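Working notes, structure below.
The values are calculated or read from the model by the stated rules, or taken from the named source; none is laboratory data. On a predicted model such as this, the values are computed, not experimentally measured, just so you know. All Cβ positions, glycine included, derive from the backbone under ideal geometry; neighbour counts span all protein chains shown. The area values use the complete protein model at the heavy-atom level, side chains included, leaving out ligands, DNA and RNA. Shrake-Rupley method; radii C 1.70, N 1.55, O 1.52, S 1.80 Å.
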Amino acid sequence: MLRVSQQSSWSDQTARAMESALLGLPGVLSSHVEVDAGGRVQEIHLLAGPGRAEHQLFRDVQSLMAISFGQDVETGAIHLTRVGAGDEYGESRLRLLRHRLETEGTQVGVVVELGNGERIFRGEARGTRGPTSVLRMAAAATARAVVAALYRMVEVEVFAVQRVRLGHRAVALVGITAGGGILPVQEYVGAVLIKLDETEATCRAVLDGVNRFFALAGQLAPEGIGGRTTNV
């Protein structure tokens, strides 16, 4: 058992070292590396901004992994998520697919599913039913789905959920913190008009806050990205 724990710790340390090295590449904002028990790369996920040609970043990644870690990484193992890509920005943002409420006695849970391209990412939050607990859980579940969609390259936490009046309309406000890699953790606020479903509006307010984070992140990476991309 101790041998397995040591092996797992060593492979985790190898992945973290690779992630740190990748942050030194032009335009890379954050990274997540998955390795097997022997420390061999299985997948590399990068969060990066606009500007850098596809082949350049692929070449940068492959050269870094070969020189610094002695590994040949195929282009198919590299997955790039682009933020702030000019006119392309926003064309394939994370979108809310569905949310549902689950109850069992005094316990309640919210499950949120987000889509990006053909992929679906899920987040859940559970707790005790209360006047505002469902909305807070909806926000937390949405934030967790965002983290899953970004392969843990970015951490997103909810610190406030409110419903406010704006004239004769009601608005869902959600405060989040977001950051990761070279991106400092900062606070963002998302706002969405409540039409029929307050829970849905709360989920969308989280995504609005995340989009504000994406917009700022794109400005911090003038050299941008390359490779097979997913726009957010």
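Charges on Cβ only, +1 for Lys and Arg, -1 for Asp and Glu, centred on the Cα centroid of region 71-171; of Q107, H168, I120, which one is farthest towards the dipole's positive end?
Ranked along the dipole, the leading option is H168.
About the Cα centre, and with charges only on the beta carbon of Lys, Arg (+1) and Asp, Glu (-1), how big is the dipole of region 87-157? Nearest 20 debye, please. Intermediate values should be presented prior to the final figure.
Values: 11 positive and 10 negative charges, 60 e Å.
Approximately 280 debye in magnitude.
If the chain between S63 and E157 were fully stretched, how many nm would it gain, using 0.36 nm times the residue separation less the Cα-Cα distance? Before the final figure, lay out the partial values.
Values: separation 94, 0.36 × 94 = 33.84 nm, distance 3.47 nm.
Additional length available on full extension: 30.4 nm.
In Å and on Cα atoms, what radius of gyration and Dmax does region 143-215 show?
Here Rg and the maximum Cα pair distance are 12.6, 42 Å.
At 15 angstrom or more along the helix axis (alpha-carbon based) and mean Kyte-Doolittle of 1.0 or higher, what helices does the chain contain? Whole DSSP H runs only. Show your work: numbers first, answer last.
On the way: long enough: 2-22 (30 Å, -0.62); 54-69 (22 Å, 0.14); 133-149 (24 Å, 1.31); 198-219 (32 Å, 0.12).
For the chain, where a helix must reach 15 Å along its axis and average at least 1.0, the hits are 133-149.
Using alpha-carbon positions, what is the distance between the centroids of region 174-199 and region 98-125, in Å?
About 18 Å separates the Cα centre of region 174-199 from the one of region 98-125.
Can you give the helix-only mean residue ellipticity at 222 nm for the chain, where every DSSP H stretch with n ≥ 4 adds -39500 (n - 2.57) and the sum goes over all residues, rounded to the nearest 500 deg cm²/dmol?
It lands at -11000 deg cm²/dmol.
Of the GluC sites (Glu not before Pro) in region 133-202, which ones lie in a loop per DSSP and count no more than 13 other C-beta atoms within 10 Å?
Details: sites: E155, E157, E187, E198, E200; in loops: none.
Sparse-neighbourhood loop GluC sites (Glu not before Pro): none present.
About its Cα centre, how strong a charge dipole does the chain have in debye, to the nearest 20, once Lys and Arg get +1 and Asp and Glu get -1 at the Cβ? Spell out each step's value before the answer.
Numbers: 24 positive and 25 negative charges, 148 e Å.
It works out to roughly 720 debye.
Enter the accessible area of L216 (Å², nearest 10), with the probe set to 1.4 Å and all protein chains included.
50
Under 13 Å from a point 7 Å along the Cα-to-Cβ line of E198: which residues of region 142-180 have their amide N that close?
Only 161-165, 170-173 fall inside the zone, counting backbone N under 13 Å.
Please list, in chain and number order, the residues 5+ apart from G49 or on another chain whose amide H is under 5 Å from its amide H, with Hs placed from the backbone.
Hits under the 5 Å cutoff: L29, V83, G224, I225.
Between R129 and H79, with labels modelled 7 Å along Cα→Cβ, what's the label distance in nm to one decimal, could you check?
Going from the R129 label point to the H79 one covers 3.7 nm.
Over all alpha-carbon pairs of region 29-158, lay out the pair-distance distribution in 5 Å bins, whole %, shortest bin first.
Bin by bin from 0 Å, the calculated values are 2, 9, 15, 17, 16, 13, 10, 8, 5, 3, 2, 0.
Taking Cα pairs under 8 Å and at least six residues apart, what relative contact order does the chain come out at, in percent?
Working: 534 pairs, mean separation 54.9, N = 232.
Computed value for the chain: 24 percent relative contact order.
Using the beta-carbon distance between D12 and L101 and R0 = 35 Å, what value does 1/(1 + (r/R0)^6) give for FRET efficiency, to the nearest 0.05? Write out the running numbers ahead of the final one.
Working: r = 36 Å, r/R0 = 1.03.
For D12 and L101, the calculated efficiency is 0.45.
Could you give the nm distance between label points at Q42 and D72, where each point is 7 Å from its Cα heading toward the beta carbon?
Between Q42 and D72, the simple spin-label model gives 2.2 nm.
Inverting the mean 1/r over all pairs of different Cα atoms, compute the Kirkwood radius of the chain and quote it in Å.
Numbers: mean 1/r = 0.0532 Å⁻¹.
Radius from the Kirkwood sum: 18.8 Å.
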